[in-house]
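Read through the structure below, which is laid out as structure tokens, and then see the notes.
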Amino acid sequence: MTSEIDFGTVPDAEGRFGAYGGKFVAETLMSALAELESLYRKLSADPAFQRELDEDLRHYVGRPSPLYEARRWSDEIGGARIHLKREDLNHTGAHKVNNTIGQALLAKHMGKTRVIAETGAGQHGVATATIAARLGLECHVFMGEEDVRRQALNVYRMKLLGAEVIPVTSGSKTLKDAMNEAMRDWVTHVDDTFYIIGTVAGPHPYPELVRDFQCVIGREAREQCLAQIGCLPDALVACVGGGSNAIGLFHPFLKDEGVAMYGVEAGGRGVDTHEHAAPLTAGSPGVLHGNRTYLMQDDNGQIMHTHSISAGLDYPGVGPEHAWLKDIGRVNYVVATDDEALAAFHTLTRVEGIMPALESSHALAYAAKLAAGMRPDQHIVVNLSGRGDKDIHTVAEIDGIQF
Amino acid sequence: MSRIAERFQQLAGQGRKALVPYMVAGDPSLELTVPLMHALVDAGADILELGVPFSDPMSEGPTIQLAHERALANGARLRDALDMVREFRQRDADTPVLLMGYANPVERMGYAAFADAASAAGVDALLTVDIPPEEVAQVNAELRRVGMDNIFLIAPTTPDERMALIASQASGFIYYVAVKGVTGAGNLDTADVADHLARIREHTGLPLAVGFGIKDAASAAAIATVADGVVVGSALVQRVADAAAEGADNSGLLARAGELVAEIRRGIDATPS
């Protein structure tokens, strides 16, 4: 069925991925979005811009990131071979920087002097603050008060980098509220401010341009599979909050019909408990933060509180392209619970000496289950989207350890 | 002719400007919204704008954000807002009422179901902050089917060609957002507003109301010299919240809200047009 779909033609001119996406924002922002879109069209076709971006990815981020076969872990599981795409080794410790570098270059070309960002786990905030420091841009990061507490280390990192971190006290005090506050700031300072959105959500053209910047993950992984394994992988696995690391890995493989794909949402305390962040698995379509997509909402269209052990997945929406990929059946969306993610965090740390972010641990947890049901001559690529240093406090707290 | 068009025509005939107060349905309490609507009309309001509580009111400043949070905590939802309008209509068949809110509660109810329920309740128009003309086709078709108006925002950043696009989709009146920012922001510049309104009038014959940043009789009077209507939101919501915080009883709350609207009414009416 999906072989007839030209994945290169989405989104359409209105920014729609099937029924999803679009531009659902206040009128004040519509011109800014149009300006961004036209600049992006121009620059993405400009070889000089691509060169500038590639140089930065190579020398500043440290790309390409390795594709590492987790031999001991794969042996323990005894099924398919698991390969980790090491986005945790990027500068700043996660995939987020692939996108912030790209958007900061756009901001520079637009002559904007001030950048803003929302952040949940703090990884996108750190990646934005990092690029802002390098380009000499004023940087303000909005972060839910609850996340400021959970991610104290990243808050301090952002401050060291010269960013102002603004705790958001409205609503549920997490990522969605940080995004609301960033939109409010943008609407107020639209003339001099560039909003660096951290995921493949928000109004068009953000889902498209963030995807394009993150696709370096999948392009590299595809080449590395062919060179190192000698074939394409049988399955890809990535965690999905907003979904930028997942789309970055999946998108360059969409036409490869033999490659199965699994997006792993945050199952929290279980999708039957309401305490989770799995809109694709247990939500319904609606409109939030500039796009139509699957949301965690009640019967009255109010956005529900979410829960996940990982701040980066604690979001009630998801990128519109994922909503579309779910509906057309190209990607399977599944969940891993808090406990499963935590167990995977400990396992990978002890068996491979790699401490994964709790977000990425959701993908690892599902990959282990998937691998167990596959043959040893099959291959799974897991996006190890970030490193776990930032989560040490969370894990220690669960273990009852105080520093 | 819609109730809104009729009201503007009537006001124009009298050489008066429309006063449009905003309140959030269910703030400060479920039972006080309808009495508040009547009190505002008694104090001189021409059109009522009723905010639909939403968990993520992205275009609101702190004052109205808190009103949404209070209304939600009181249990107010879109259905309750419709019930309130229905109850209001039992005593007031003339004052136009528009619902202002965000796309998702309406989307969740379904555009057709919303249009049917809203028009049956006596709602005259819908204003959704986050449904621009590019996304409005479906909802507009349903609103037209039941004879409701769709109120659009035009912002200081809207270029002329978009003004024309918006005008082509709008009915009732057009709401000009006087400042780049969220509701309750400051720094209102009357000359700048006048300039924008003149540009908008090149694209539409619809009445133009102005909101965001109008907080008292003086700022309302200034805007009334150039606009057809004045929207007062945060100042009124704050007035009610202050009265509640000071322990005013229900009749005290209504009186305090009525005083502000009456004050603004006098300011607008004293303005030579």
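Bear in mind these aren't lab numbers, they're just calculated from the coordinates by the rules spelled out. Treat the numbers as computed from the prediction; the structure is a model and nothing was measured. Neighbour counts are summed over all protein chains in view; Cβ atoms, including those assigned to glycine, are modelled from backbone coordinates with ideal geometry.
General remarks:
- Under Karplus coefficients 6.51, -1.76 and 1.60, residue-wise ³J(HN,Hα) of the range B:45-55 in Hz, glycine/proline x: 6, 9, 9, 10, 10, 10, x, 8, x, 9, 5
- For the segment A:302-309, counting C-beta atoms of other chains within 10 Å of every residue's C-beta and taking the mean gives 2.
- Rounded if a/c under 1.5, otherwise prolate or oblate - the range A:43-170, Cα gyration tensor axes: oblate
- The residues A:D327, B:D228, B:D124, when put in order of fewest to most other Cβ atoms within 10 Å, stand as A:D327, B:D228, B:D124.
- Beta bridge orientation in chain A: antiparallel %, DSSP, nearest 5: 30 percent
- Ordered by the number of other Cβ atoms lying within 10 Å of each residue's own Cβ, fewest first, B:Y111, A:Y195, A:Y262 fall into the sequence B:Y111, A:Y262, A:Y195.
- Computed over chain A, the per-residue total of -39500 (n - 2.57) for DSSP H runs of n ≥ 4 gives a 222 nm mean residue ellipticity of -12000 deg cm²/dmol, rounded to 500.
- Percent of Cα pairs exceeding the 49 Å cut-off, where the set is the protein assembly as shown: 17 percent
- 3J(HN,Hα) along the range A:59-64, derived from phi through the Karplus expression 6.51 cos²θ - 1.76 cosθ + 1.60 where θ = phi - 60°, amounts to 8, 9, 7, x, 7, x Hz, with x in place of Gly and Pro.
- Its Cα centre serving as origin, the range B:144-273 has a Cβ charge dipole (Lys and Arg +1, Asp and Glu -1) of approximately 340 debye.
- Calculated FRET value between A:E397 and B:A12, using beta carbons and R₀ = 51 Å, to 0.05: 0.20
- Selected from A:T349, A:T273, A:T113 as most flexible by GNM, with chain A as the system and alpha-carbon contacts under 10 Å: A:T273
- Cβ-based exposure ranking for A:S170, A:S44, in which fewest neighbours within 10 Å come first: A:S44, A:S170
- Amide H contacts under 5 Å for A:V335, placed H, 5+ residues apart: A:E265
- Excluding same-chain neighbours fewer than eight residues apart, the lysines reachable from A:K326 by a Cα-Cα span under 18 Å are A:K255.
- Cβ charges +1 (Lys, Arg) and -1 (Asp, Glu), total dipole of chain A, debye: 720 debye
- Difference of contour (0.36 nm per residue) and Cα-Cα distance, A:E257 to A:Q378: 42.0 nm
- Chain A shape via C-alpha gyration tensor axes, a/c threshold 1.5: rounded
- Projected label distance in nm at A:L135 and B:S168, using a 7 Å step from Cα toward the beta-carbon: 3.5 nm
- Whole-number percent relative contact order across the range A:71-199, with pairs defined as alpha carbons under 8 Å at least 6 apart: 27 percent
- Its Cα centre serving as origin, chain B has a Cβ charge dipole (Lys and Arg +1, Asp and Glu -1) of approximately 340 debye.
- For the range B:98-103, the Karplus equation 6.51 cos²θ - 1.76 cosθ + 1.60, evaluated at θ = phi - 60°, returns couplings of 10, 9, 10, x, 10, 4 Hz by residue, with Gly and Pro reported as x.
- Of A:I309, A:I196, A:I354, the residue with the greatest mean-square motion in the GNM of chain A, using alpha carbon springs below 10 Å, is A:I354.
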